[in-house]
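Peer 1: Following this message is one structure expressed as structure tokens.
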């Protein structure tokens, strides 16, 4: 197998924060090695099962799930699932015969990359969060390379000699869509301001509730919304909003590039992928870190933007009372918006995907 015709196995999913970096890496590898073959491995019923085939990549599933802290039937099945997932991974790898296996996080990575390492396939990991996930921590000692988005991540890993700071890969199309095209995509009024609200791929009830409480004032000031509620909260929010005049409302947005382009301000959680996307497009943001994230890593993520003057941070416990104050204060201050946008852009690492793709291909013999 030549370097120009590599076979790349990618595992990562469960959330957009794990999936989209993997897609960005694959897209960059395709540019460098157009004849490369890819196989994505994920789980049935999660975001990857819908998005990966849409993007034109081959996709296979294994039977695995995360381990919950409370007693559940899923937990009782966990040992069985691990064994089945390892067997499924063995046959997938033996059939595809990859030159390298790349993991971007999520429980699906565990059995796939563990089996890959046992079969002698080089393993490369990418970790977006400041506090690495369980799978990354577990596999870091077996990986040929671990690439991170935060310098402090290495303290949690089993080795430091294989760790390199590169940033989080994002899709090239981000920042390439005009504001006019973004507003037209969501059928919004080009003469009015728009705010993009989302809580990551799974949604955030606290942010949704805060926005619901200020809907009348937003409409009174002709502020439009692009509002991704998350799947679990969509019906509740839709019923509460009623007629969504001056707003686009949906459970999930596949075309994030249009949402970023249309909005003056973004209100969101502070996942690592969100931070990377915000800084790539240079968009002022109000960040509400998820309070139960491991090692409070979303607060660490948000702090990197706040300290640079690129974002405002509100605690989840204070979002109900503070979001309106911060949002209207920012909407009414165009100079501050401009300064924040410039500061955000300076933090961006738009070439992270290309850097990672080159390093992955370096391992192909």
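Peer 1: Take residues that are on the phi > 0 side of the Ramachandran plot and at pLDDT 95 or above and tell me which of the strands (runs of 3 or more DSSP E) falling wholly in the stretch 31-143 contain 1 or more.
Peer 2: On the way: elements: 37-42, 59-61, 100-103, 123-127.
The strands (runs of 3 or more DSSP E) meeting that bar number zero.
Peer 1: So for the stretch 11-27 (the condition being farther than 15 Å from residue 110 by Cα, assigned to a strand (DSSP E or B) and at pLDDT 85 or above), does at least one residue qualify?
Peer 2: Scanning the stretch 11-27, I find no residue that is farther than 15 Å from residue 110 by Cα, assigned to a strand (DSSP E or B) and at pLDDT 85 or above, so the answer is no.
Peer 1: Looking at the stretch 268-308, which of its residues are within 18 Å of residue 343 (Cα to Cα), assigned to a loop (DSSP other than H, G, I, E, B) and over 16 Å from the mean Cα position of the chain (by Cα)?
Peer 2: Selection gives 282, 283, 284, 307, 308.
Peer 1: For the stretch 214-235, give me each residue that is free of Cβ contacts under 8 Å to residues at least 60 places away in the same chain, surrounded by 14 or more Cβ atoms within 10 Å (Cβ to Cβ) and outside any helix (DSSP H, G or I).
Peer 2: Here is the first cut: in the stretch 214-235, the residues free of Cβ contacts under 8 Å to residues at least 60 places away in the same chain are 215-216, 218-220, 222, 224-235.
Subset that is surrounded by 14 or more Cβ atoms within 10 Å (Cβ to Cβ): 215, 218-219, 224-231, 233-234.
Hits for the stretch 214-235 are 224, 225, 226, 227, 228, 229, 230.
Peer 1: Starting from residues that are in a loop (DSSP other than H, G, I, E, B) and free of Cβ contacts under 8 Å to residues at least 60 places away in the same chain, keep the ones in the stretch 144-164 and report whichever is surrounded by the fewest Cβ atoms within 10 Å (Cβ to Cβ).
Peer 2: Step by step, filter the stretch 144-164, then rank; the result is 161.
Peer 1: Right, another one. Which residues, taken from the stretch 334-365, are within 20 Å of residue 224 (Cα to Cα) and either modelled with pLDDT under 95 or buried (at least 18 other Cβ atoms within 10 Å of the Cβ) (or both)?
Peer 2: Scanning the stretch 334-365 gives a single hit, 341.
Peer 1: Let me confirm something: among 238, 171, which residue is without any contact (Cβ under 8 Å) to a residue 12 or more places away in the chain and either over 29 Å from residue 350 (Cα atoms) or not in a helix (DSSP H, G or I) (or both)? Please lay out each step first, then the result.
Peer 2: Values: 171 fails: without any contact (Cβ under 8 Å) to a residue 12 or more places away in the chain.
On inspection, the qualifying residue turns out to be 238.
Peer 1: When you go through 177, 211, 197 one by one, which is the residue that is assigned to a strand (DSSP E or B), at pLDDT 90 or above, on the phi < 0 side of the Ramachandran plot and in contact with a helix residue (DSSP H, G or I) (Cβ under 9 Å, 6 or more places away or on another chain)? Full working, then the answer.
Peer 2: Working: 177 fails: assigned to a strand (DSSP E or B); 211 fails: assigned to a strand (DSSP E or B).
Just a single option satisfies the conditions, and that option is 197.
Peer 1: Which number in (1) touching a residue at least 24 places away in the same chain (Cβ under 8 Å); (2) loosely packed, with under 13 Cβ neighbours inside 10 Å marks the one condition that residue 191 misses?
Peer 2: If we test residue 191 against (1) touching a residue at least 24 places away in the same chain (Cβ under 8 Å); (2) loosely packed, with under 13 Cβ neighbours inside 10 Å, just (1) comes out false.
Peer 1: With respect to residue 325, is the statement that it is assigned to a helix (DSSP H, G or I), out of contact with any helix residue (DSSP H, G or I) (no Cβ under 6 Å at 6 or more places or on another chain), at pLDDT 95 or above and closer than 20 Å to residue 146 by Cβ true? Talk me through it step by step, then tell me what you get.
Peer 2: Details: assigned to a helix (DSSP H, G or I): yes; out of contact with any helix residue (DSSP H, G or I) (no Cβ under 6 Å at 6 or more places or on another chain): yes; at pLDDT 95 or above: yes; closer than 20 Å to residue 146 by Cβ: no.
Judged against the criteria, residue 325 is not a match.
Peer 1: If only one of 305, 331 is touching a strand residue (DSSP E or B) at 6+ places or on another chain (Cβ under 7 Å), surrounded by fewer than 19 Cβ atoms within 10 Å (Cβ to Cβ), in contact (Cβ under 8 Å) with a residue 40 or more places away in the chain and closer than 17 Å to residue 266 by Cβ, which one is it? Quick ask: steps written out before the conclusion?
Peer 2: Numbers: 305 fails: surrounded by fewer than 19 Cβ atoms within 10 Å (Cβ to Cβ).
When all the criteria are applied, what remains is 331.
Peer 1: Related question: Which count do you get for residues in the stretch 79-124 that are more than 17 Å from residue 6 (Cα to Cα), buried (at least 22 other Cβ atoms within 10 Å of the Cβ) and touching a strand residue (DSSP E or B) at 6+ places or on another chain (Cβ under 6 Å)?
Peer 2: Residues meeting the conditions: 5.
The values are calculated or read from the model by the stated rules, or taken from the named source; none is laboratory data. The shown structure was predicted, so the numbers you read here are calculated from the model rather than taken from an experiment. Positions of Cβ are backbone-derived with ideal geometry, glycine not excepted, and every protein chain shown enters the neighbour counts.
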